[in-house]
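Okay, structure first, notes after.
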Amino acid sequence: MITGELKSKVDRVWDTMWSGGVSNPLSVIEQLTYLLFIKRLDELHTLREHKAARTGKPIEAPIFRSEQEHLRWSRFKEAAPERMFAIVRDEVFPFMKTLGSQNGAEGGEDSTYSHHMKDALFMMPTPRVLANVVDQLDGIEMTDTDTKGDLYEYMLGKIASAGQNGQFRTPHHIIKLMVAMTALRIGSMNMLLHGVENPDIRYRDSLAQADQDDAERFKLSRRKKLNCSF
């Protein structure tokens with residue numbers, strides 16, 4: 001369960017985004033998700049650096065190349081707001097969108113992840129808002145899996161209470177559009193963080209009759225849990 005301290009931190013970040021002009025709660029969650037993802041990438045790279053230092057071996061599967069050090073959260077968070085804004089908008093965000101592409105980010109074959117991320121938009125309104133949000137998110141510890149789940153559950157709960165903040169009812173066709181743009185994207189980002197760079201994630205009708213090609217890809221265990229093979 002989310003603690004009062006973490007809830008207060010999320011509320012402050014949310015208020016910063018809101019007062020900065022990002023009033024749609026879905027846009028707030030989307031932008032915060034991107035920033036937390038970028039922060040986690042740096043944390044994973046740091047863990048691999050520490051392992052390499054202990055073993056005396058090269059870094060296994062480095063996320064950032066030596067010329068990309070300035071794209072790491074721990075580096076750009078120290079920059080002045082205007083400089084940070086330019087780095088994140090013009091370099092970090094494009095880098096994030098092409099992660100997992102074969103043969104590198106430039107000109108490589110698109111992965112499932114990069115396919116889902118190609119329409120992602122950077123919507124932070126000003127350098128001041130970005131710097132403020134980065135500073136606040138930097139104080140949120142996200143290494144615990146339960147904390148991540150509690151955090152997103154709390155943020156999603158804020159959508160339900162958005163009407164209290166002047167949000168109007170969103171038409172169903174707009175809801176369908178937003179779902180089409182983000183469900184697979186978040187899933188692909190999560191899989192990439194767990195080392196699965198090209199998962200087979202796609203939109204399918206769960207009530208439709210399975211295609212013949214999928215017949216042998218799923219099985220029902222004795223515990224009646226669906227096991228999916230990627």
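The values are calculated or read from the model by the stated rules, or taken from the named source; none is laboratory data. Only a predicted model underlies this, so the values are computations on that prediction, with no experimental measurement involved. So basically every Cβ, Gly included, is an ideal-geometry build from the backbone, and we count neighbours across all protein chains shown. Calculation scope for accessible area: heavy atoms of the full protein, side chains included, ligands and nucleic acids excluded. Shrake-Rupley method; radii C 1.70, N 1.55, O 1.52, S 1.80 Å.
A few points about this structure:
- Calculated from backbone phi, Karplus (6.51, -1.76, 1.60) coupling profile of segment 69-76 in Hz, x at Gly/Pro: 4, 6, 8, 6, 3, 5, 8, 6
- Dimensions of segment 1-99 along the principal axes, based on C-alpha atoms and rounded to the nearest Å, stand at 47, 35, 24, largest first.
- Gyration tensor verdict on segment 1-44 (Cα atoms; rounded if a/c is under 1.5, prolate if a/b is larger than b/c, oblate otherwise): oblate
- Counting heavy atoms of the protein chains alone, ASP42 has an accessible area of about 10 Å² for a 1.4 Å probe.
- In nm, spacing of pseudo-spin labels at ILE140 and HIS70 (7 Å Cα→C-beta vector): 2.8 nm
- Accessible area in the full protein assembly, largest first, 1.4 Å probe, for LYS7, LYS39: LYS7, LYS39
- Label-zone membership for segment 1-38, site TYR154, 7 angstrom Cα→C-beta point, backbone N under 11 Å: 1-14
- Local electrostatic count at ILE59 - Lys and Arg +1, Asp and Glu -1, tallied over other residues with Cβ under 11 Å: +2
- Computed over neighbours whose Cβ is under 15 Å from that of ASP15, the net charge equals +3, Lys and Arg +1, Asp and Glu -1.
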